[in-house]
Amino acid sequence: RGLIVGIDAGTTTAVAVLDLRGGLLGLVSKKNFSQSEQQSYIQIFGQPLLFSVDVVKVPATTEKLAAAFNTRVEAPQKNLGRRGKSELVSVFLDRYKKTTEDFHEVSALAAAIVCYNKYENKFRQIERQLNELGLDNRIEEIKRKVVQGISVNRALEGRP
C-alpha cells in the first residue's frame with residue numbers, strides 16, 4: 001500500500017504514516033531513532049510514495065531516508081508554525097481519539113497532513129472517476145502513478 005510519511009528529524013525523531021485516503025496508520029517518536037529503525041517501522045505499513053517535512057530546508061537525514069526508498073521529500077514553501085501545526089493535528093487526531101506523545105509527533109503528523117491535503121482533491125477525483133468506470137481495483141495504482149507525476153489518463157493507459 002502507498003504511504004505518505006511525515007518526518008520530524010532530530011535527536012528525537014518522529015515518524016507519521018498516512019495511507020492514500022488520509023488515514024493514520026502509525027505515529028511514533030524516539031530518541032536516537034536510527035535510519036534503519038525508521039525504515040523498518042515504515043515498511044510495516046507499506047511503501048512510501050512521498051516523504052514530507054514541516055520546514056523549508058529538508059534535513060539531510062530525511063533526504064537519505066527518502067533516497068533509501070527511491071522517493072522524494074516534499075517541503076512547505078514556508079516553515080509550518082507551532083500553533084498552526086497544533087490546531088491541524090488536534091482536529092485530525094480527534095477522529096482517532098488519539099493524542100501525541102510530544103511535539104515531535106505533532107510536527108511529523110502536521111507535515112504528513114499538509115502533504116496529503118495537497119493531493120486530496122486529485123485523489124478524490126481519481127476515486128470518483130475509477131468508480132464510475134468500474135475500475136475501483138486500480139485506485140491505489142493510479143494514485144501512486146499520479147504522485148509520481150504521471151497524468152491520470154496516461155496511468156490508465158499504462159503509459160509513463
(message) Residues to consider are 90, 107, 86, 36; find the one that is part of a helix (DSSP H, G or I), under 26 Å from residue 144 (Cα atoms), out of contact with any strand residue (DSSP E or B) (no Cβ under 7 Å at 6 or more places or on another chain) and small (Gly, Ala, Ser).
(response) 36
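Table: residues versus (1) hydroxyl-bearing (Ser, Thr, Tyr); (2) under 22 Å from residue 123 (Cα atoms).
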residue	(1), (2)
4	no, yes
16	no, yes
19	no, yes
27	no, no
37	no, no
41	yes, no
(request) Just give me the residues in region 39-83 being among the basic types (Lys, Arg) and either within 18 Å of residue 10 (Cα to Cα) or not in a loop (DSSP other than H, G, I, E, B) (or both), in sequence order. (result) 57, 64, 72, 82, 83
(message) Being closer than 19 Å to residue 148 by Cβ, of a type in the set (A, V, I, L, M), touching a strand residue (DSSP E or B) at 6+ places or on another chain (Cβ under 6 Å) and modelled with pLDDT of 95 or more is the requirement here; does residue 25 meet it?
(response) no
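The values are calculated or read from the model by the stated rules, or taken from the named source; none is laboratory data. This is a predicted model, so every value here is computed, not measured. As a convention, Cβ positions derive from the backbone with ideal geometry for all residues, glycine included, and neighbour counts pool all protein chains shown.
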